[in-house]
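Chemist: Could you have a look at this structure, given as structure tokens, before my questions?
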Amino acid sequence: MSDEMDAFVAEAREFLEANATRRDVPSTEVEWGRGEDRITYFGDDPPEVDARKVAAAREWQRRRYDAGFGWITGPPQYGGRGLPNVADLVYDALEAEYDVPDTSVLSLIGLGMIGPTILAHGQEPVKDRYLPAMYRGEVIACQLFSEPAAGSDLASLETTAVRDGDEWVITGQKVWTSIAHHAQIGMALCRTAPDKPKHKGITAFIVDMSAPGVDVRPLRQMSGGAEFNEVFLDEVRVPDDHRLGEVDGGWRVALTTLMNERASVGGEGAGPAARAVSPPFLTAVLKAHGRLGDAAARRRLAELAADQIATEYLNLQAVRRLRAGAQPGPEASVSKLMYAQNLTRGAHFAAEIAGPRLIADTGEWGTFSWNELLLSTPALRILGGTEEIMKNILAERVLGLPKEPGIDSTTPFRELRRSGQGRAGGKA
Ligand SMILES: Cc1cc2nc3c(=O)[nH]c(=O)nc-3n(C[C@H](O)[C@H](O)[C@H](O)COP(=O)(O)OP(=O)(O)OC[C@H]3O[C@@H](n4cnc5c(N)ncnc54)[C@H](O)[C@@H]3O)c2cc1C
């Protein structure tokens with residue numbers, strides 16, 4: 001290790017020792033029956049608990065940032081530290097030894113997807129104003145992409161933005177907007193040229209979520225929580241310097257976000273859900289239910305473990321590319337596909353082993369607690385691009401199979417809508 005990296009490690013260790021508590025059970029080990037057994041993915045906390053967790057995430061991000069660990073690889077002119085990506089990996093590994101607040105409300109969408117998009121396509125005022133504030137935990141960002149009639153076929157979106165001098169006026173409805181109720185800004189895709197083909201008439205904007213005309217309404221999901229929302233935009237005014245990329249060039253901007261989204265979701269290797277479906281934890285489940293000798297169950301667990309290891313290597317490759325400044329490629333879509341499948345298989349495996357103990361909360365450790373994750377797994381197949389769309393990307397971009405027939409790459413969007421077409425193709 002170089003002297004510079006030695007100094008970085010010592011500095012990070014000093015910061016963590018002074019600001020966090022070291023875990024008594026390392027994150028990679030399992031002690032069955034000890035500690036909280038809740039396995040959350042989306043969470044179903046009451047609003048006051050949710051608010052406390054968001055405040056803790058912000059406070060931890062602020063401390064990290066002020067100490068120089070909040071945006072380790074970011075450009076110094078926007079508040080980053082400008083270190084190579086290896087420093088980021090080293091810091092993550094060190095931090096995993098400590099109990100620190102979960103910062104996914106900031107990192108998954110804002111810092112994982114919108115931050116890199118602003119950096120790549122934003123105008124200077126937006127970069128100056130939002131990047132340091134986002135990485136310091138002050139500004140949470142949400143993704144205003146999906147609409148009632150535009151999900152997989154995102155380019156069919158209908159929210160409009162009409163120019164009015166130095167401003168744009170945005171009107172429409174977004175849906176499934178995760179964490180919009182916590183967000184200060186949103187990245188919105190809007191139709192700016194209905195007379196152009198659907199991918200060529202979209203523009204991207206950063207919207208102030210407290211602006212007049214923005215109405216956020218929560219949606220409750222079956223796992224119990226209400227972490228996503230409908231967002232209504234009624235003549236919301238956005239300055240032109242909040243536009244990302246060129247006018248009508250929003251599809252390119254969206255692709256930056258979507259590729260980072262897949263990398264962000266697929267690379268989500270930590271947290272209670274990932275730990276719960278890890279081979280040591282699932283082995284502990286087998287042991288606790290007297291099934292260690294069950295050859296069929298052991299074989300399934302071994303197959304899952306092999307797929308998890310393969311996904312981990314794929315992620316590492318994707319993270320290295322990302323942190324070296326490259327755009328994520330189709331491997332990020334494969335990671336996302338695999339991550340969702342592994343988590344789903346792990347949750348179903350545990351549910352099968354726990355059997356009827358899963359049904360009622362008898363207080364028995366590690367049984368009823370699987371429900372929250374189980375009920376979240378269908379959403380994992382959908383968010384960040386559905387399983388079918390990820391398979392299409394894998395087929396076309398990795399395996400080189402023929403593309404799906406595209407019916408609408410040249411027809412003006414307005415005509416597509418009139419003829420009721422435009423629902424083919426799929427994200428990316
Ligand atoms: C938990 C969660 C959080 C989310 N958060 C956000 C967010 O923060 N911001 C945001 O903008 N969106 C968000 N979404 C929305 C998500 O991106 C969309 O739900 C997703 O892209 C699918 O779109 P859709 O729901 O309209 O389904 P549709 O696109 O209507 O798909 C319906 C079904 O048809 C299949 N299908 C569609 N097209 C094809 C095709 N070409 N080939 C094969 N099969 C196809 C799909 O796979 C799916 O099974 C979230 C969704 C979930 C579940």
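Chemist: Given the criterion more than 16 Å from the ligand (Cβ to nearest atom) and more than 19 Å from the chain's Cα centre (by Cα), identify the matching residue among Ala120, Ala57, Ala87.
Modeler: None of the others qualify; the one that does is Ala87.
Chemist: If I ask for residues that are buried (at least 17 other Cβ atoms within 10 Å of the Cβ) and either free of Cβ contacts under 8 Å to residues at least 24 places away in the same chain or in contact with a strand residue (DSSP E or B) (Cβ under 7 Å, 6 or more places away or on another chain) (or both), which ones from region 65-93 would you list?
Modeler: Of everything in region 65-93, those that are buried (at least 17 other Cβ atoms within 10 Å of the Cβ) and either free of Cβ contacts under 8 Å to residues at least 24 places away in the same chain or in contact with a strand residue (DSSP E or B) (Cβ under 7 Å, 6 or more places away or on another chain) (or both) turn out to be Ile72, Arg81.
Chemist: Would you confirm, using the coordinates I've provided, whether Glu331 is closer than 29 Å to Ser146 by Cα and either buried (at least 17 other Cβ atoms within 10 Å of the Cβ) or more than 16 Å from the ligand (Cβ to nearest atom) (or both)? Quick ask: steps written out before the conclusion?
Modeler: Numbers: closer than 29 Å to Ser146 by Cα: yes; either buried (at least 17 other Cβ atoms within 10 Å of the Cβ) or more than 16 Å from the ligand (Cβ to nearest atom) (or both): yes.
For Glu331, the condition - closer than 29 Å to Ser146 by Cα and either buried (at least 17 other Cβ atoms within 10 Å of the Cβ) or more than 16 Å from the ligand (Cβ to nearest atom) (or both) - is met.
Chemist: Going by what's in this entry, would Asp241 be described as more than 16 Å from the ligand (Cβ to nearest atom), touching a strand residue (DSSP E or B) at 6+ places or on another chain (Cβ under 9 Å) and among the charged types (D, E, K, R)?
Modeler: On the way: more than 16 Å from the ligand (Cβ to nearest atom): yes; touching a strand residue (DSSP E or B) at 6+ places or on another chain (Cβ under 9 Å): no; among the charged types (D, E, K, R): yes.
No: the conditions fail for Asp241.
Chemist: Restricting to region 394-409, and then to whatever is modelled with pLDDT of 90 or more and hydrophobic (A, V, I, L, M, F, W, C), can you tell me which residue is nearest to the ligand (Cβ to nearest atom)?
Modeler: Step by step, filter region 394-409, then rank; the result is Ala395.
Chemist: Here are Ala326, Ala318: which of them is under 20 Å from Ser264 (Cβ atoms), free of Cβ contacts under 8 Å to residues at least 60 places away in the same chain and out of contact with any Asp or Glu (no Cβ under 8 Å at 6 or more places or on another chain)?
Modeler: Ala326
Chemist: If you go through region 197-219 one residue at a time, do you hit one that is at pLDDT below 95 and closer than 27 Å to Ala57 by Cα?
Modeler: Looking through region 197-219, at least one residue is at pLDDT below 95 and closer than 27 Å to Ala57 by Cα.
Chemist: If the requirement is being buried (at least 17 other Cβ atoms within 10 Å of the Cβ), farther than 26 Å from Ser104 by Cβ and within 15 Å of the ligand (Cβ to nearest atom), which of these qualifies: Gly186, Gly172?
Modeler: Answer to the selection: Gly172.
Chemist: While we're here: Please verify whether region 49-65 includes one or more residues that are farther than 29 Å from Ile382 by Cα and not charged (D, E, K, R).
Modeler: Yes, region 49-65 contains at least one residue that is farther than 29 Å from Ile382 by Cα and not charged (D, E, K, R).
Chemist: While we're here: Among the candidates Asp248, Asp241, Asp234, which residue alone is surrounded by fewer than 23 Cβ atoms within 10 Å (Cβ to Cβ), touching a residue at least 12 places away in the same chain (Cβ under 8 Å) and in contact with a Pro (Cβ under 7 Å, 6 or more places away or on another chain)?
Modeler: So the residue among Asp248, Asp241, Asp234 that is surrounded by fewer than 23 Cβ atoms within 10 Å (Cβ to Cβ), touching a residue at least 12 places away in the same chain (Cβ under 8 Å) and in contact with a Pro (Cβ under 7 Å, 6 or more places away or on another chain) is Asp241.
Chemist: Now a separate question. On the given criteria, is Val105 more than 17 Å from the chain's Cα centre (by Cα), among the aliphatic types (A, V, I, L, M) and within 30 Å of Met5 (Cα to Cα)? Lay out the reasoning, then the answer.
Modeler: Working: more than 17 Å from the chain's Cα centre (by Cα): no; among the aliphatic types (A, V, I, L, M): yes; within 30 Å of Met5 (Cα to Cα): yes.
Against the criterion (more than 17 Å from the chain's Cα centre (by Cα), among the aliphatic types (A, V, I, L, M) and within 30 Å of Met5 (Cα to Cα)), Val105 does not qualify.
Chemist: Also, I was wondering about something else. For a quick check of your reading: which helices (runs of 4 or more DSSP H) sit entirely within region 57-173 and have at least 3 residues that are at pLDDT below 95?
Modeler: 85-95
Chemist: Quick check on region 314-326. Is at least one of its residues at pLDDT 90 or above and surrounded by 16 or more Cβ atoms within 10 Å (Cβ to Cβ)? Outline the logic, then answer.
Modeler: Start the filter on region 314-326 by keeping residues that are at pLDDT 90 or above, which leaves none.
Scanning region 314-326 turns up no residue that is at pLDDT 90 or above and surrounded by 16 or more Cβ atoms within 10 Å (Cβ to Cβ).
Chemist: Something else about it: Just a yes or no: is a residue in region 358-367 surrounded by 16 or more Cβ atoms within 10 Å (Cβ to Cβ), away from the ligand (no atom under 11 Å from the Cβ) and in a helix (DSSP H, G or I)?
Modeler: Of the residues in region 358-367, the ones surrounded by 16 or more Cβ atoms within 10 Å (Cβ to Cβ) are 358, 366-367.
From the residues that got through so far, the ones that are away from the ligand (no atom under 11 Å from the Cβ) too are 358, 366-367.
Now drop any that are not in a helix (DSSP H, G or I), which leaves 358.
Checking region 358-367: at least one residue is surrounded by 16 or more Cβ atoms within 10 Å (Cβ to Cβ), away from the ligand (no atom under 11 Å from the Cβ) and in a helix (DSSP H, G or I).
One line per residue, one yes/no per condition, for (1) of a type in the set (Gly, Ala, Ser); (2) modelled with pLDDT of 90 or more; (3) farther than 29 Å from Pro101 by Cβ:
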{"residue": "Asn260", "(1), (2), (3)": "no, no, no"}
{"residue": "Val265", "(1), (2), (3)": "no, no, no"}
{"residue": "Gly269", "(1), (2), (3)": "yes, no, no"}
{"residue": "Ala276", "(1), (2), (3)": "yes, no, no"}
{"residue": "Ala284", "(1), (2), (3)": "yes, yes, no"}
{"residue": "Lys287", "(1), (2), (3)": "no, yes, yes"}
{"residue": "Leu292", "(1), (2), (3)": "no, yes, yes"}
{"residue": "Glu303", "(1), (2), (3)": "no, yes, yes"}
{"residue": "Asp307", "(1), (2), (3)": "no, yes, yes"}
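Chemist: In region 346-364, what residues are under 24 Å from Leu380 (Cα atoms) and touching a helix residue (DSSP H, G or I) at 6+ places or on another chain (Cβ under 7 Å)? Can you show your working first?
Modeler: Let us first name the residues in region 346-364 that are under 24 Å from Leu380 (Cα atoms), namely 346-355, 358-359.
Once the filter is applied, which keeps residues that are under 24 Å from Leu380 (Cα atoms) and touching a helix residue (DSSP H, G or I) at 6+ places or on another chain (Cβ under 7 Å), region 346-364 yields Gly346, Ala347, Phe349, Ala350, Ala351, Ile353, Ala354, Leu358.
The values are calculated or read from the model by the stated rules, or taken from the named source; none is laboratory data. Here the structure is a predicted model, which is why all the values come from computation and not from measurement. Cβ: placed from backbone, ideal geometry, glycine included. Neighbour counts: every protein chain shown.
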